[in-house]
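Q: Below you'll find the structure I mean.
The values are calculated or read from the model by the stated rules, or taken from the named source; none is laboratory data. For clarity, every value in this text was computed on a predicted model and none was experimentally measured. Please note: Cβ atoms are built from the backbone with ideal geometry, for glycine as well, and neighbour counts cover all protein chains shown. The accessibility values were calculated without ligands, DNA or RNA, using every heavy atom of the protein model including side chains. Shrake-Rupley method; radii C 1.70, N 1.55, O 1.52, S 1.80 Å.
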Amino acid sequence: MFSSVLSFGIRGIEGFCVNVEADISDGMPMFELVGYLSGEVKEARERVRTALKNSGFDFPVKRITLNLSPGNVRKQGTGYDLPMAVAILAAMGAIDKAALSKTLIIGELKLNGDVGGINGVLPMVICGRKMGIKRCIVPADNAAEGAMVRDVEIIAVSDLKQAADHLNGKEVIGPYIPDEGSGPKPVEKGGADLKYVKGQAAARRGLEIAACGMHNLLMVGAPGAGKSMLAKCIPGILPPLSGEEALEVSSIYSVAGLLGDNRKLITERPFVSPHHTVTDVAMTGGGTYPRPGNISLSHRGVLFLDEMPEFSRYTLEVLRQPLEDRKITVSRNYGTYVYPADFMLVGAMNPCPCGAYPDLSKCSCTETARKRYMSRLSRPLLDRMDICVDVMKLGYDDMLSGKMAESSGEVRKRVIRTQKIQSERFLGTGMMFNSQMGADEILEYCSLKPEVREWFSHALKKLDISARGYSKILKVARTIADIDELEEIGRDHLAEAIQFNNSYIMG
């Protein structure tokens, strides 16, 4: 007897269809698994056999062959246990095969027959919806996660017997409907508030411009000047994720197993801040069992590198490709995995090893030591930082002042308004922010009046700014003009953008 059950696997963060085919025939008793399987999938042989027995089903003493198709794609994870068991029961005649039509089944089996949760359910259900799947049988632990996807019935099962009874119509389980106390709920916005940041007018302005256009930002200042606190304020001024972005980001965290026990839908932009000892593999993703790294976990959000020169040179250099392509490709023996990596890079660093420069009365660093410290960041990487700001050490009057500055909530309103202007401008182009503009878009949306162009040309020659620097200045100036709600880029906008250029650091 033959049967087939539809399941899904994960490649990168995308789901792909897997047909779990079971054949039971006469011959020497054996249980064989085929289909380019990893070690944990091969171990399913014993989990499925024992779970069937402990769920009250007789395991057939016949030749059993399970094939996971397509055979040219490696299968990993434990989510194929439940579809394997269901396929065997259907081939035995213990489950109605007609009930398996257009039904996605995923889940891990425990030895007692219970169904355990797995990672990556959300992208699997999303992929199933694209293929026209209307019903998904998932572990009860993953029900809230699967219910994030609309127009798909989520059937939550706790054990193998319950799944079999549902398919046979003996115990019909209704679609999972999350209530107010469970299921996907927005994650509360975190981060510090700008109202507690005293002084730092230039740094606050640079932070706001960077958030409005999702520009990469580098903060340079003495230790204790407030660079880390400013960076932690960024989540509070960024707008929430759109519905499509929320599913995309939540899918990444689902694959990484970081959604948490409550399986909440991520609605606020991620803020990822790895330690400077992080390895390049942890940053990019991959490993023996490929999973998203810090770069992908910051997708649609912020990747903050505190004490940027302390990161290893190789770890920093792997950022260059995803900053350009907005995705990262990891190649391994078993295949190539593509993870999204559209993030805003925020870095913080001291101006010299001791951190006191340019105060020469306190700085103990030689010019050679300072240049060596700055050279830890390569020119190509620094060249990808759109905005650079000096975070000045606070004076005592500012420290003792009890006056509150403008709050993150007020700044966030301007950021939302400015990003709305950009989204309307780039509607249908696949872009969302000014930082994503290429040469064609810069030519179209950053046109200058003749007198402004002449002034800009003179400034470029005087400052000896590179072609990449020219593009960065125009994109930042476009964002500043959007903040002012002006269609034309003016001289003042260009002048401010030039002030935020980082050419002097690379000099």
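Q: Please give, to one decimal in nm, the separation of the simple spin-label points placed at residue 461 and residue 372, each 7 Å out from Cα toward the Cβ.
A: Between residue 461 and residue 372, the simple spin-label model gives 4.1 nm.
Q: Unpartnered cysteines of the chain (Cβ-Cβ under 4.7 Å counts as a partner)?
A: 17, 127, 136, 212, 233, 354, 363, 388, 446 - these cysteines have no disulfide-compatible partner (Cβ-Cβ under 4.7 Å) in the chain.
Q: Give me the number: length gained by fully extending residue 158 to residue 278, i.e. 0.36 nm times residue separation minus the C-alpha to C-alpha distance, one decimal in nm.
A: Result for the pair: 39.4 nm of gain on full extension.
Q: Roughly speaking, what is the stretch gain from residue 151 to residue 98, that is 0.36 nm per residue apart minus the C-alpha to C-alpha distance, in nm to one decimal? Mind showing how you got there, number by number?
A: Details: separation 53, 0.36 × 53 = 19.08 nm, distance 2.14 nm.
Separation in residues times 0.36 nm, less the Cα-Cα distance, equals 16.9 nm.
Q: With θ set to phi - 60° and the Karplus curve 6.51 cos²θ - 1.76 cosθ + 1.60, what are the ³J(HN,Hα) couplings of region 315-323 in order, to the nearest whole Hz, using x for Gly and Pro?
A: Per-residue couplings from phi come out as 4, 5, 5, 5, 6, 4, 5, x, 5 Hz.
Q: Also: Among DSSP bridges having both ends in the chain, what percentage is antiparallel? Round to the nearest 5.
A: Approximately 50 percent, going by the DSSP bridge assignments.
Q: Any chance you could run the full-extension gain for residue 131 through residue 258? It's 0.36 nm times the residue separation minus the Cα-Cα distance, nm to one decimal.
A: Additional length available on full extension: 43.1 nm.
Q: Take the chain, compute every pairwise Cα distance, and split them into 10 Å bins from 0; I just need the percent in each bin.
A: 4, 17, 24, 20, 14, 11, 7, 3, 0
Q: If you don't mind, another one. Using the basic label-point model (7 angstrom from Cα toward the beta carbon), what is the residue 440 to residue 320 distance in nanometres?
A: My value for the distance between the label points is 2.7 nm.
Q: How large is ³J(HN,Hα), in whole Hz, for each residue of region 425-435 in order, when computed from phi with the Karplus curve 6.51 cos²θ - 1.76 cosθ + 1.60 and θ = phi - 60°, using x for Gly and Pro?
A: Residue by residue, region 425-435 yields 5, 9, 4, x, 9, x, 9, 10, 10, 4, 5 Hz.
Q: Follow-up. Taking amide H atoms as placed 1.01 Å from N in the peptide plane, list the residues 5 or more away in sequence, or in a different chain, whose amide H sits under 5 Å from that of residue 267.
A: 187
Q: Per-residue accessible area for residue 379 at 1.4 Å probe radius, Å² rounded to 10?
A: 140
Q: On the protein heavy atoms, probe 1.4 angstrom, tell me the percent of accessible surface of region 2-178 carried by carbon and sulfur.
A: It is 49 percent, rounded to a whole number.
Q: Something else about it: Run the quick spin-label model on residue 470 and residue 488: label points 7 Å from Cα toward the beta carbon, then report their separation in nm to one decimal.
A: Distance between label points: 2.2 nm.
Q: Mind checking which lysines have their C-alpha under 18 Å from residue 161, skipping anything on the same chain fewer than 8 residues away?
A: 53, 97, 110, 170
Q: With +1 on each Lys and Arg Cβ and -1 on each Asp and Glu Cβ, how big is the dipole of region 437-507 about its Cα centre, in debye rounded to the nearest 20?
A: Its charge dipole is roughly 460 debye.
Q: Accessible area per residue for the chain in Å², computed with a 1.4 Å probe and the full protein assembly in place, what is it?
A: It amounts to 45 Å² per residue over the chain.
Q: OK, next. Highest first, please rank the peptides 439-448, 126-135 by the mean number of other Cβ atoms sitting within 10 Å of their residues.
A: Result, highest mean first: 126-135, 439-448.
Q: A further question follows. Which parts of region 52-72 would a label at residue 25 reach, counting a residue when its backbone N lies under 18 Å from a point 7 Å out along Cα-to-Cβ?
A: 60-69
Q: May I pose another question? For a quick check: with amide H placed at 1.01 Å from N, whose amide H comes under 5 Å from residue 135's, ignoring anything fewer than 5 positions away on the same chain?
A: 104, 153
Q: Any chance you could tell me what percent of the C-alpha pair distances in region 437-507 go past 20 Å?
A: 22
Q: Find the relative contact order for the chain and round it to a whole percent, using C-alpha pairs within less than 8 Å whose residues are 6+ positions apart.
A: It comes to 13 percent, rounded to a whole number.
Q: On a C-alpha basis, how far is the centre of region 358-396 from the centre of region 1-78 in Å? Whole number, if you could?
A: Centre-to-centre (Cα) distance: 58 Å.
Q: Hey, with R₀ at 56 Å, roughly what FRET efficiency would residue 424 and residue 171 work out to, going by the Cβ-Cβ distance, to 0.05?
A: After rounding, the FRET efficiency stands at 0.65.
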